[in-house]
């Protein structure tokens, strides 16, 4: 997880909202802040968040490292801007109906995390106070217009849906990484099962529920886990619960 908190909040907010800094003497800058942010996103997409350093971003842009400090104070602020920039990829509209609206919110976030897996490496805590992040939250709340819920409940539902998506995407990315290692789920089970069979304490009779349910799930999904199924199943159950809470179940 990565997002440092030592940056200047005032300057970070100004950068997020495009407020110009103090005037500078000298030649006109060759780049603009959005150029630096997009370069940071490209680096993160290619090599993960740890690769996003001021030096690496400068190399991506073909400029000297120190020149980046002309545009923003440092890496802390860059990460904040990258997060808000990514949120700007989310759609603005919503389908009719709260259930369809929340489903769209979750599906769009699922896709965003898969496009930019480094977003999951960012540490939570204080929110990013940028325009696209505000728009994301506004859309999430707008999806529930018409539901008889108070503001605290609405905020908790947004957090719940975001948490479900983030956890499911982590599982999906882990599964994809395992497959890319060259060992398919079938091969992995084929190698693991005989070893377990040799261990008396691992006898399925000792774990009847785990053996039954695990076997059924594996047969249904063609492997030990299907994160996308878990995502959609969990989302439907959350939506069912919201309907009950709002008296629409």
Being surrounded by fewer than 20 Cβ atoms within 10 Å (Cβ to Cβ), in contact with a helix residue (DSSP H, G or I) (Cβ under 8 Å, 6 or more places away or on another chain) and not in a loop (DSSP other than H, G, I, E, B) is the filter here, so list the residues in the stretch 88-100 that pass it. 99
So if I check each of 84, 47, which one is out of contact with any strand residue (DSSP E or B) (no Cβ under 6 Å at 6 or more places or on another chain), modelled with pLDDT of 95 or more and surrounded by fewer than 19 Cβ atoms within 10 Å (Cβ to Cβ)? 47
Criterion first (under 30 Å from residue 237 (Cβ atoms), outside any loop (DSSP other than H, G, I, E, B) and without any contact (Cβ under 8 Å) to a residue 24 or more places away in the chain) does residue 107 satisfy it? yes
Evaluation of residue 63 against (1) part of a helix (DSSP H, G or I); (2) surrounded by 15 or more Cβ atoms within 10 Å (Cβ to Cβ); (3) not assigned by TED's automatic domain parsing to the domain that holds residue 161 (one fails), failing number: (1)
How do the helices (runs of 4 or more DSSP H) wholly within the stretch 136-225 filter down when requiring 1 or more residues that are modelled with pLDDT of 85 or more and under 25 Å from the mean Cα position of the chain (by Cα): which remain? 151-180
Sort out which residues of the stretch 110-123 are touching a helix residue (DSSP H, G or I) at 6+ places or on another chain (Cβ under 9 Å) and part of a loop (DSSP other than H, G, I, E, B), and write them in order of number. 116, 122
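Is it true that some residue in the stretch 103-122 is within 22 Å of residue 17 (Cβ to Cβ), out of contact with any strand residue (DSSP E or B) (no Cβ under 9 Å at 6 or more places or on another chain) and modelled with pLDDT under 95? Explain how you work it out, then say what you get.
Restricting attention to the stretch 103-122, the residues satisfying the condition of being within 22 Å of residue 17 (Cβ to Cβ) are 112, 116, 119, 122.
Retained after the next criterion (residues that are out of contact with any strand residue (DSSP E or B) (no Cβ under 9 Å at 6 or more places or on another chain)): 112, 116, 119, 122.
Next, only the ones that are modelled with pLDDT under 95 stay: 122.
The answer is yes, given that some residue of the stretch 103-122 is within 22 Å of residue 17 (Cβ to Cβ), out of contact with any strand residue (DSSP E or B) (no Cβ under 9 Å at 6 or more places or on another chain) and modelled with pLDDT under 95.
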Quick one: is residue 12 more than 30 Å from residue 238 (Cβ to Cβ) and modelled with pLDDT under 95? yes
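The values are calculated or read from the model by the stated rules, or taken from the named source; none is laboratory data. Since the model is a prediction, treat every value here as computed from it, not as a measurement. Reconstructed Cβ throughout: ideal geometry from the backbone, glycine too, with neighbour counts over all protein chains shown.
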